[in-house]
1. Residue under question is residue 130, and the condition is that it be within 14 Å of the chain's Cα centre (by Cα) and in contact (Cβ under 8 Å) with a residue 40 or more places away in the chain; does it hold?
2. Quick one: would you say residue 117 is at pLDDT 90 or above, exposed (fewer than 13 other Cβ atoms within 10 Å of the Cβ) and part of a loop (DSSP other than H, G, I, E, B)?
3. Of the residues 217, 257, only one is within 24 Å of residue 81 (Cβ to Cβ) and surrounded by fewer than 24 Cβ atoms within 10 Å (Cβ to Cβ); which?
4. Can residue 348 be described as modelled with pLDDT of 95 or more and either under 25 Å from residue 119 (Cα atoms) or crowded, with 22+ Cβ neighbours inside 10 Å (or both)?
5. For region 319-332, does any single residue satisfy the condition of being at pLDDT below 90, part of a loop (DSSP other than H, G, I, E, B), farther than 18 Å from residue 225 by Cβ and in contact with a helix residue (DSSP H, G or I) (Cβ under 6 Å, 6 or more places away or on another chain)?
6. Restricting attention to region 222-244, which residues are farther than 23 Å from residue 354 by Cα and either in contact with a helix residue (DSSP H, G or I) (Cβ under 8 Å, 6 or more places away or on another chain) or crowded, with 23+ Cβ neighbours inside 10 Å (or both)?
7. Restricted to region 204-214, and to residues that are surrounded by fewer than 24 Cβ atoms within 10 Å (Cβ to Cβ) and in contact with a helix residue (DSSP H, G or I) (Cβ under 8 Å, 6 or more places away or on another chain), which residue is farthest from residue 274 (Cα to Cα)?
8. Would a scan of region 130-141 turn up a residue that is at pLDDT 95 or above and over 20 Å from residue 331 (Cα atoms)?
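The values are calculated or read from the model by the stated rules, or taken from the named source; none is laboratory data. Nothing here was measured: the structure is a model prediction, and the numbers come from that model. Every residue, glycine among them, receives a Cβ derived from its backbone with ideal geometry; neighbour counts consider all protein chains shown.
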């Protein structure tokens with residue numbers, strides 16, 4: 001099991017719960033370690049930033065025999081995030097990678113070049129769903145700009161993609177800083193000249209807060225990463241897609257954006273909003289050949305829970321009430337395969353759709 005740190009930040013008069021207590025509670029209820037951590041079902045792209053260049057070494061996977069030279073870039077802070085109210089910034093998770101190599105991924109079928117010649121941007125690519133999407137896209141021949149905060153994770157992702165038909169170029173950026181989002185798009189255009197696919201997979205869980213216990217700064221941060229960042233990424237990517245006559249945008253949202261209490265009020269608000277933004281953009285830009293769809297996972301085994309700082313104890317209990325209905329959490333690759341389909345020409349007439357990928361949890 002990954003190392004768990006105790007939260008240290010508390011709010012006066014507020015019931016709090018540490019990560020360890022939370023995980024122990026989910027295991028007692030039979031959901032399994034980390035499954036509740038992905039209640040909202042999104043990936044997270046977290047950690048330190050720096051810049052370097054490296055040559056990717058062969059991972060032993062795929063059929064390519066040529067080592068790829070993988071470009072690394074790093075954003076320059078322009079508008080540092082300034083939350084209102086009391087706020088504790090999420091500590092970048094530095095535990096053992098739960099899925100450190102591509103060989104551990106669930107591979108559904110052999111690669112057949114479904115994304116040959118395509119250029120994709122994938123946010124939140126250092127772990128979870130975002131990482132599996134970046135892997136799968138590169139395996140299918142795409143040139144992928146993978147972005148997150150953890151340079152070491154991005155380096156590992158680039159290294160293991162050396163045998164794939166496509167390639168991965170990494171761009172270290174913090175999506176809570178809105179000024180860095182435009183730089184991601186600029187890096188992709190400078191590196192590859194175009195954008196065919198945008199996947200907004202980065203996310204942060206929040207602290208399962210209720211309205212009465214809401215910490216305004218925490219609300220601001222969750223909205224910045226889960227809503228503002230993907231909307232701005234669409235803003236900057238859509239002109240390039242319009243210029244070439246089309247593209248595919250895929251927003252990783254959540255069951256928390258369709259129901260009322262899969263997570264705290266901050267996360268629930270952000271995910272409902274991005275589901276709405278998905279449909280809005282789909283209608284407006286469908287006439288330009290740009291398809292905008294969303295994937296709403298249920299429980300997924302990812303690291304997103306580690307973005308929580310000090311959980312609202314009572315708030316988590318409200319979410320626990322429905323946990324007995326949850327099936328076994330999915331592997332992130334099972335979400336990535338849906339993102340692959342939506343990026344291909346096979347999905348050319350699918351636009352404005354919210355795909356629920358939860359193993360049947362919401363069917364009850």
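1. Answer is yes for this residue.
2. Working: at pLDDT 90 or above: yes; exposed (fewer than 13 other Cβ atoms within 10 Å of the Cβ): yes; part of a loop (DSSP other than H, G, I, E, B): yes.
Answer is yes for this residue.
3. Values: 257 fails: surrounded by fewer than 24 Cβ atoms within 10 Å (Cβ to Cβ).
Among 217, 257, only 217 is within 24 Å of residue 81 (Cβ to Cβ) and surrounded by fewer than 24 Cβ atoms within 10 Å (Cβ to Cβ).
4. Working: modelled with pLDDT of 95 or more: yes; either under 25 Å from residue 119 (Cα atoms) or crowded, with 22+ Cβ neighbours inside 10 Å (or both): yes.
Judged against the criteria, residue 348 is a match.
5. Yes, some residue in region 319-332 is at pLDDT below 90, part of a loop (DSSP other than H, G, I, E, B), farther than 18 Å from residue 225 by Cβ and in contact with a helix residue (DSSP H, G or I) (Cβ under 6 Å, 6 or more places away or on another chain).
6. 240 - this is the single residue of region 222-244 that is farther than 23 Å from residue 354 by Cα and either in contact with a helix residue (DSSP H, G or I) (Cβ under 8 Å, 6 or more places away or on another chain) or crowded, with 23+ Cβ neighbours inside 10 Å (or both).
7. 213
8. Scanning region 130-141 turns up at least one residue that is at pLDDT 95 or above and over 20 Å from residue 331 (Cα atoms).
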